[in-house]
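Scroll down for the structure; my scribbles are underneath it.
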Amino acid sequence: MRSFIHALPKVELHVHLVGSAGIDTVLELARRHPEAGVPADRAELERFYAFRDFDHFLKVFWAVQSMVKGRADIHTLVVGLARELARQNVRYAEVTVTPHNHLTDGMSGDELLAGLGSGRAEASALGVELAWCFDIPGEKGLVAGRETLAFALSERPDGLVSFGLGGPEEGVGRAQFAPFFDAARDAGLHSVPHAGETTGPETVWSAVRDLRAERIGHGTSCHQDPALLDHLALKGIPLEVCPTSNVRTRQVASIETHPVRQMLDAGVVVTLNTDDPPFFGATLEGEYLAVATALGLGRAEVAKLAENAVLASFLPNDRKTPLLQEIADVLTAVS
């Protein structure tokens, strides 16, 4: 199964750029920015990076964020992610970028866009196509929403396909951001808010109704409401499920008890993703293997998950078709 999963051409739909920074990438950043105090020795950094609890994850995340100061750092993040995706035979990824955080940290918009552009070009040379989701850090309120929208629509970099909403869910209602999502959709960007990761199904309902979500980031709690499961299945609204992340942040107890089984049984379009992979000790291949093992999936069912991600992506149809054919070919080769 492990070699079969590797052979499948894969698509990643929910991965955060800063959260994708692996050890090699962080070492490069730490040596470039020693003033940040992040360990620049590999063994020491590996100890610092080892997941302990959610508070420690936040500490490491913001330590990495503090070293992202300009074009070269953004480029380093993008290329580091692309190399890891290429290693796993991931052909396409929609990467979440939070411009507001970088701009309020003092980076210029031009530096951010230049780093994204040069990194994306190098990723393409590695065989990985990258697209961007610009998301609002919800905890920073309507100002962040307004500024994220303005930046997205005024700059509109190559590869920008969607508009998102991340950050804490508790106390951060989805509906207040509706005007920004309406404007983004009117400008041709797709709606992909986080919802139902740390709150109940009412947050997912709000994302669907108020933000007109075309995909849901996480959606972990949707299984608590059968009517919501039915609605997601009927409307074909995919979920960007991140099993290991949900376990690490203690939203579920284990992969075995993850509601992904209820989602699939209800006919919901499930895609597997990594969220902040090095921080949680996750890989996309590992997500496929863990879910296949926990649910007792056969190769055809695993291939279906890979197909779901292709179909749920915002790739044009002429790019989806060859990926779907290659998935079918890999399945046929082992049948």
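A few remarks follow.
- Radius 13 Å from Cβ of Ile23, net charge of other residues (Lys, Arg +1; Asp, Glu -1): -2
- Exposure proxy shown here: for Asp275, Asp329, the number of other Cβ atoms within 10 Å sets the order, fewest to most, as Asp329, Asp275.
- Solvent-free Debye calculation, one equal scatterer per alpha-carbon of the range 96-151: log10 I(q)/I(0) at 0.21 Å⁻¹ equals -0.80.
- Put simply, when 116-123, 185-192, 312-319 are sorted by average Cβ atoms within 10 angstrom per residue, most first, you get 116-123, 185-192, 312-319.
- Taking Cα centre as origin and charging only the Cβ of basic (Lys, Arg, +1) and acidic (Asp, Glu, -1) residues, the dipole magnitude of the chain rounds to 320 debye.
- For the range 214-256, alpha-carbon Rg and Dmax in angstrom: 11.1, 31
- Burial ordering of Leu295, Leu81, fewest other beta-carbon atoms within 10 Å first: Leu295, Leu81
- Measuring nothing but how far apart in sequence close Cα pairs (under 8 Å, 6+ apart) lie, relative to its length, the chain scores a relative contact order of 19 percent.
- Summed residue charge, Cβ within 9 Å of Gly196's Cβ, Lys/Arg positive, Asp/Glu negative: -3
- With helices as the sole contributors, the chain gives -16000 deg cm²/dmol at 222 nm; each DSSP H run of n ≥ 4 counts as -39500 (n - 2.57), and the sum is divided by every residue.
- On the principal axes of its alpha carbon atoms, the range 221-326 extends 40, 34, 25 Å, with the longest extent given first.
- The range 97-253: C-alpha gyration tensor shape, a/c 1.5 cut-off, then a/b vs b/c: prolate
- The range 1-113: relative contact order as a whole-number percent, Cα under 8 Å and 6+ apart: 42
- Dipole axis of the chain (+1 Lys, Arg; -1 Asp, Glu on Cβ), positive-most option in Gln176, Gly141, Asn246: Asn246
- Computed on the Cα atoms alone, the convex hull of the range 1-129 gives a volume of 118 cubic angstrom per residue.
- When the convex hull of its Cα atoms is viewed from all sides, the chain shows a mean projected area of 15.6 nm².
Every read-out reported here was derived from the displayed coordinates using simple, explicitly stated rules and does not represent laboratory data. Not measured: the values here are computed from a predicted model. Counting neighbours? That spans all protein chains shown, and the Cβs are built from the backbone with ideal geometry, glycine included.
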